[in-house]
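Have a look at the structure below before the remarks.
The values are calculated or read from the model by the stated rules, or taken from the named source; none is laboratory data. Values in this document were obtained by computation on a predicted structure and should not be read as measured data. Neighbour counts run over all protein chains shown; Cβ positions are idealised from the backbone, glycine included.
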Amino acid sequence: MKKTSAVRKILPTLLLPALLFTVTVARSQEFGGNPPSIKWKQVNTPAARIIFPAGMDSAGLRVANIVQQMNGLIKPTIGLKQKQVSIVLQNQTTIANGYVGLAPFRSEFFLTPEQNSFDIGSLPWAQQLAIHEFRHVQQYNNFNVGVSHVLHILFGEGGQALGNDLSVPNWFFEGDAVFNETHVSGQGRGRLPWFFNGYRALWAADRDYSYMKLRNGSYVDFTPDHYPLGYMLVSYGREKYGDNLWKNVTHDAAAFKGGFYPFQRAINKYTGTDFKTFTNNGLSHFKEVFKDDEKTPAAKNKHFDADREYPAYINDSTLIYMKSPYDHIPAFVILTGNRERKISTRSSSLDNYFNYHDGQVVYATYRPDARWGYRNYSELMILDIASGKEHRITQKTKYFSPAFSPDGKRIVVAQVATSGASELHLLNTDGQLIKVLPNPQHLFYTYPQFYGDDQLVAAVRNPQGKMTLALIDIASGNAKYLVPFSYRPIGFTTVKNNDVYFTQTEDVNDRLFVLKLKDNQCFELLPTGHDTGIGHYQPAVANNKLAWVGFTAFGYQINEVNKKDLKWIDAGPQYVRHLPTMGISALGRDSSADMLTEVVDKPLPVVPYSKGHGLFNFHSIIPNISDPNYSFAITGENVLNTFQSQISFDYNRNEGYKQFGFDAIYGALYPFISVGVDYTLDRRQFYKGSYVYWNETSVHGGLEVPLNFSAGKHSTGLTFGSDLYFNQTHFQQGNAQQFKDRNYAYLNNYISFSNQGLVAKQNIYPMLAQSLSLNYKAGVSGGAATQLLAQGTFYFPGLTTNHSLVINVAHQQKGKNNVIGFSNDFPFSKGYTAESLDDMNKVGLNYHFPFAYPDAGFGNIVYLLRLRGQLFFDYTRATADNFFTNGAGFKQNFRSTGAAVFFDTKFFNQNSISFGIRYSRLLDDDFFGGTGRNRIELVLPVTFF
C-alpha cells in the first residue's frame, strides 16, 4: 500500500510536464476555410458576438437572442463570470457539428442539420447549437480559477485549456451541456432513448465494464462515448444534491484544490460520497429506468462484431445492408441464408443510409471542396450490385437521404441550401434536376420516399422542431400531416404498397409503427418472438417479411420476422405523449426550464463584420516538439481563422542552432501568403574535418496553394508553393578570418502529394497509401547553391488484417561548392547521429503490427489501449567531396535494424498519447556520434498542445 501511494505521488510530477506538450486544444478549425466572396455581418451582445454570412440574418439574430436571454437565467448553476465569446456561423459545410474552444476563445456552429432526429433531436439546428454550445462558453469562463488561472497567466488560453483538461473530465463538459439543452427545451438528448442505447445494450448483455474502460474506449469492444456517461452523472448529481453541486465541484477542481485528483476530491467534499460510489449510484439510477430491457447475455469472450445497418430486401430470402466492423472499412454486403457476400466498400459518407431498387443502390457521399476547408458537399453515388462498380451522378450538391421511385427512373432527395432552407429535389438517375418542390409550410424534410408517382412521404420538422409524418403532393409541395406534431422524433421511413413503416419515440423506447395510408390508421408493430437489441430502427419490408435494426453490445444487428408473426397494436391518441425525463425531476424545477419557448426575437443591430478585425490575436504560449526541431511559440489567430501569427524560439537538434522568429500567414485568398523574419545563432556545417559556425538573419515571403482532391474511397491532397529567403550571414569568431560575411537570397520550392484509402478503427495505417514530397532550394543572388530533398513513403497491406508494410525512400543532393548552408531535414537511418552531407540516399523497410489490446489502466492516470510492434531496416548511403582537411572525399554506409514497441494510451482518461521505445542495432560505425552499436531511444509524440 505504501509503495502504491508513493508511485501515485511521483507519477503526476513526471506526467504533467509531458502532458503540457501533448494536450490538444484545436477542435474542428479549418484555416482559411471560406472563400473571400463571403461577406460577414455581426450582432454584438455583452455575452457573445454572433458573426454570420450575409443573408443569414434571421439565424444570427435568433442565436443572439437565445444566448443573451439564456445567459442570465442559467449562469448561477455554473458561475457568474462572463467574458464575451465570438460565435461564427458556418453555412458552407454539410457536417452537423459545433464546438467551443480555447486558444483562441471562440465558437463555430456548422449549420447543416442531421437527417437522423433520434440522434441529436429535431429542434431547429441553430437553436440546438446555441443552447448546447453556449453552456461550454459559461464553463470556460468559470473554470479560469486557481491553478488553471495561473496556467492561463503563464501560457495564455492554451494554458487554461491544459489546466481544465487535466482537472475537469470531458464527460462533465458534454454531460452538463446536454443537461442544459434538455433543461431549457422541450426535447434535448436527455429525453431521447437513442442517446442511452449504448449503455442499455451493455447492461442488457451484462457487460459491466470498469469506469476506466468506459472512459477510454477500446479497439475490440464497443464502449459508448463520454456524452451519455456525462449526462447520466451530471443529471443524477443535480437530482440528488441540488443545482449548485456542479458549480462547487468544478470550481474546486479547476482550481486544483486538494492537489491531485481534484475532481474526485470535490465530489467527495460536496456529496459526502467517494467518487466510485457516486458514479455507481448515478449509473444505477438509469439502470432502474431501463430495467425492463430484455437481457441478451453473450459469451464472456465475445467482442464487437460489426454494425449491420439499413437492411433492404432484394427478395424474401436475400438482404443487402451496410456492414461496418472495426478491422475493415464499411462495405455493402448481401446476405443469403447465413452467408454474407461483400459487394463493394462504401465511399466516404456522413452516415450509412442508402436506398435499394432493382439491383442498384443510391447513397450520399462526402466530398470536400478542393480549396476551401469549410465548404464540402454531399453528392449522390449509384452502385450496381452485379458488377460492384459505382459512379457519381451529382457534383457540388448538398443532398441527403436519396430514394428511388417505384419504377426506378427518378430519385427524391432532401436538399439543405446554404441559406438554411430545406427542399425536396426530384432527379433522374443521371443526376439531372427535374423539379424543386415548393415548401410553403417551411418544413425540414428527412427520409423522403415515393408513394406512387405523384406523392411523397417524409418525416418532417416544423419551425418549432416538432415532428410528424407528411404526405406531400409533388405538383404543389403542399403537405398533409398524418400524425399529430410532437417532440417525439420520427424517421427511417419506408413505403410498401399503401403502408408507410417508420420508427417513432414512445416513452423510453424507439418503436416500430406502420401507418395505413388509405384509411390513416396507425399501429405499433411488435414481434412475437425474440427481439435482439435496443430500439427498432430502419425497417425493411418484403412481401412476406419485415426486418429492422436493434442496437446490441456487439454492434447494430438485424432482426427479421415473418409478417404474419407480428402483433399489431392500435396506436391511437394514447400514444401522443410528452418525452420522458428518465426519472430526472431536476429538469423542470426552476424558472429556466423550457425557456427556449419563451425566447423573444427582439430587434438587435446587425452591422458588417470586418475581415480585418483582430488579425493579431495572440492567445497562447505553446511548446512544440517535432524532432529534430524543438520550439516555443507565442501564437495568434483571428476569429475567422484567416490569419495566423507567431513569435517563436526554435532549437534544431541536428545542427544545434537556436532561432528567434516571427511568422505570419494569411489564408483568405486562393494562395496562402506568408511572411517572416528569423535570427539564428550557431548555425554549423561540417567542412574539411571540422565544424564552421555562423549566425544569420533571414527575411522571407512566399505563396502556397493547398488543394484537397479527396473523393470516393480516397483522401488525396496536393500542396505546392515557393518562398523567397534573403539571408545575411555573419561568421563567428574563429571562422571569420577564413570565411567572409555575405548576403544571399534563395528560393525554397516545394510540392507534396498524399493519397490514401479509408481507414478502419483498428487499422494502424491505410491498406494502400502514398506520400511524396519534393523540396528544392536554389540560390538566386550572393552565391550559387542548390539542395534537392525528395522523400516518399508507401504503405502496403501486411500478412494479416491490421498489419502494414511501410517503405520509405529519400534522396538529398547538394550542389558542389555550395556557398549557402541549407537546413537539414533528411530522414537519416534510425539510431545514428545525423549530418548533412553532399549526397545522401536512404531506403527504409518497416513492418507494423498490433499484438495486444490490454484495455487496462492505472489509477485513472494512464490507460493502455493497444500495444503494437515495428520491425525495421534502414540503409543510408552518404558521400561528400572535400570532406577531410586534406581534401579527400567521404563515403560510408549507415545501416541499422531493430524493433520498437509503441503504446497507444489515454492519459487522465481523455488525452490520447502514443509513444514508443525503440532499439536500434547499428551495422556500421556512427561516424558523427558515439561509440557502440546498440541504441535505445524513447520515441515521443510529434504533435503538441
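The rows are residues; the columns are (1) crowded, with 24+ Cβ neighbours inside 10 Å; (2) touching a strand residue (DSSP E or B) at 6+ places or on another chain (Cβ under 8 Å).
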{"position": "77", "(1), (2)": "no, no"}
{"position": "82", "(1), (2)": "no, no"}
{"position": "96", "(1), (2)": "no, yes"}
{"position": "100", "(1), (2)": "no, yes"}
{"position": "106", "(1), (2)": "yes, yes"}
{"position": "121", "(1), (2)": "yes, no"}
{"position": "135", "(1), (2)": "yes, no"}
{"position": "138", "(1), (2)": "yes, no"}
{"position": "164", "(1), (2)": "yes, no"}
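Tell me yes or no: at least one residue of segment 48-62 is outside any loop (DSSP other than H, G, I, E, B), under 24 Å from residue 183 (Cβ atoms) and more than 28 Å from the chain's Cα centre (by Cα). Checked against the condition, which is being outside any loop (DSSP other than H, G, I, E, B), under 24 Å from residue 183 (Cβ atoms) and more than 28 Å from the chain's Cα centre (by Cα), segment 48-62 yields at least one hit. Restricting attention to segment 714-738, the residues being among the hydroxyl-bearing types (Ser, Thr, Tyr) and over 18 Å from residue 783 (Cα atoms) number 4. Answer with yes or no whether residue 63 is closer than 13 Å to residue 111 by Cα, surrounded by 22 or more Cβ atoms within 10 Å (Cβ to Cβ) and assigned by TED's automatic domain parsing to the domain that holds residue 116. So residue 63 fits the description; yes.
Within segment 194-205, the set of residues being under 19 Å from residue 588 (Cβ atoms) and either in contact with a strand residue (DSSP E or B) (Cβ under 8 Å, 6 or more places away or on another chain) or polar (S, T, N, Q) (or both) is empty. With a requirement of 1 or more residues that are within 24 Å of residue 255 (Cα to Cα) and within 20 Å of the chain's Cα centre (by Cα), the helices (runs of 4 or more DSSP H) lying completely within segment 105-167 that satisfy it span 125-142, 157-167.
For residues that are aliphatic (A, V, I, L, M) and either buried (at least 16 other Cβ atoms within 10 Å of the Cβ) or at pLDDT below 95 (or both), scanning just segment 881-900, find the one that is nearest to residue 918 (Cα to Cα).
Across segment 881-900, the extreme among qualifying residues is 900.
Scanning segment 885-901 for residues that are within 24 Å of residue 932 (Cβ to Cβ) and either touching a residue at least 24 places away in the same chain (Cβ under 8 Å) or among the acidic types (Asp, Glu) (or both) yields 890, 892, 893, 894, 895, 896, 897, 898, 899, 900, 901. Total residues in segment 527-580 satisfying the condition of being among the polar types (S, T, N, Q) and not in a strand (DSSP E or B): the figure is 5. Residues of segment 398-417 that are more than 14 Å from residue 428 (Cβ to Cβ) and β-branched (Val, Ile, Thr): 416 alone.
When you check residue 176 against the structure, is it of a type in the set (Asp, Glu) and surrounded by fewer than 24 Cβ atoms within 10 Å (Cβ to Cβ), yes or no? Judged against the criteria, residue 176 is not a match.
Residues being in a strand (DSSP E or B) and either hydrophobic (A, V, I, L, M, F, W, C) or surrounded by fewer than 16 Cβ atoms within 10 Å (Cβ to Cβ) (or both): count how many of those fall in segment 755-787. Looking only at that region, the number is 7. For segment 378-443, the strands (runs of 3 or more DSSP E) that sit wholly inside it and include 3 or more residues that are assigned by TED's automatic domain parsing to the domain that holds residue 474 and not charged (D, E, K, R) are 399-404, 410-416, 422-428, 433-436. Per the conditions (1) over 30 Å from residue 508 (Cα atoms); (2) hydroxyl-bearing (Ser, Thr, Tyr); (3) in contact with an Asp or Glu (Cβ under 7 Å, 6 or more places away or on another chain), the sole criterion not satisfied by residue 585 is (1). Annotation: residue 586 fulfils all but one of (1) within 28 Å of residue 45 (Cα to Cα); (2) surrounded by 14 or more Cβ atoms within 10 Å (Cβ to Cβ); (3) not aromatic (Phe, Trp, Tyr); the unmet one is (1). Only one of the numbered conditions (1) more than 30 Å from residue 939 (Cβ to Cβ); (2) modelled with pLDDT of 90 or more is violated by residue 688, and that is (2). Restricting segment 614-666 to residues that are β-branched (Val, Ile, Thr) and over 25 Å from the mean Cα position of the chain (by Cα), the residue that is surrounded by the fewest Cβ atoms within 10 Å (Cβ to Cβ) is 647.
Take the residues of segment 852-868 that are at pLDDT 95 or above and in a loop (DSSP other than H, G, I, E, B): which is farthest from the chain's Cα centre (by Cα)? Selected residue: 854.
Does segment 931-940 include one or more residues that are surrounded by 19 or more Cβ atoms within 10 Å (Cβ to Cβ), assigned to a strand (DSSP E or B), of a type in the set (Asp, Glu) and under 35 Å from the mean Cα position of the chain (by Cα)? Within segment 931-940, none of the residues are surrounded by 19 or more Cβ atoms within 10 Å (Cβ to Cβ), assigned to a strand (DSSP E or B), of a type in the set (Asp, Glu) and under 35 Å from the mean Cα position of the chain (by Cα). Restrict the check to segment 430-445 and report whether at least one residue is free of Cβ contacts under 8 Å to residues at least 12 places away in the same chain and either crowded, with 18+ Cβ neighbours inside 10 Å or more than 28 Å from the chain's Cα centre (by Cα) (or both). The answer is yes, given that some residue of segment 430-445 is free of Cβ contacts under 8 Å to residues at least 12 places away in the same chain and either crowded, with 18+ Cβ neighbours inside 10 Å or more than 28 Å from the chain's Cα centre (by Cα) (or both). Candidates are the residues of segment 360-375 that are assigned to a strand (DSSP E or B) and closer than 18 Å to residue 415 by Cα; the one that is farthest from the chain's Cα centre (by Cα) is 362. Applying the set (1) at pLDDT 95 or above; (2) under 18 Å from the mean Cα position of the chain (by Cα); (3) not hydroxyl-bearing (Ser, Thr, Tyr) to residue 39 leaves exactly one unmet item: (2). Just one residue in the set 458, 479 is surrounded by 15 or more Cβ atoms within 10 Å (Cβ to Cβ), closer than 23 Å to residue 407 by Cβ and among the small types (Gly, Ala, Ser); that residue is 458. When segment 530-548 is limited to residues that are under 40 Å from the mean Cα position of the chain (by Cα) and farther than 13 Å from residue 502 by Cα, the one that is surrounded by the most Cβ atoms within 10 Å (Cβ to Cβ) turns out to be 534.
In segment 207-249, what residues are more than 27 Å from residue 763 (Cβ to Cβ) and in a loop (DSSP other than H, G, I, E, B)? Within segment 207-249, 208, 242, 243, 244 meet the criteria. Looking across segment 224-264 at every residue that is of a type in the set (S, T, N, Q) and surrounded by fewer than 21 Cβ atoms within 10 Å (Cβ to Cβ), the one that is farthest from residue 169 (Cα to Cα) is identified as 244. Applying a threshold of 8 Å to beta carbon distances and a minimum spacing of six or more residues, or different chains, the list of pairs starting in segment 47-65 at a residue that is over 23 Å from residue 33 (Cα atoms) and ending at one that is in a helix (DSSP H, G or I) reads 47/67; 47/68; 47/71; 47/134; 47/137; 62/126; 62/127; 62/130.
Residues in segment 450-489 that are within 21 Å of residue 112 (Cβ to Cβ) and among the polar types (S, T, N, Q): 462, 464. Going through segment 798-819 one residue at a time, which ones are among the hydrophobic types (A, V, I, L, M, F, W, C) and surrounded by 18 or more Cβ atoms within 10 Å (Cβ to Cβ)? Correct list: 806, 810.
Annotation: residue 788 fulfils all but one of (1) out of contact with any strand residue (DSSP E or B) (no Cβ under 8 Å at 6 or more places or on another chain); (2) more than 14 Å from residue 819 (Cβ to Cβ); the unmet one is (1).
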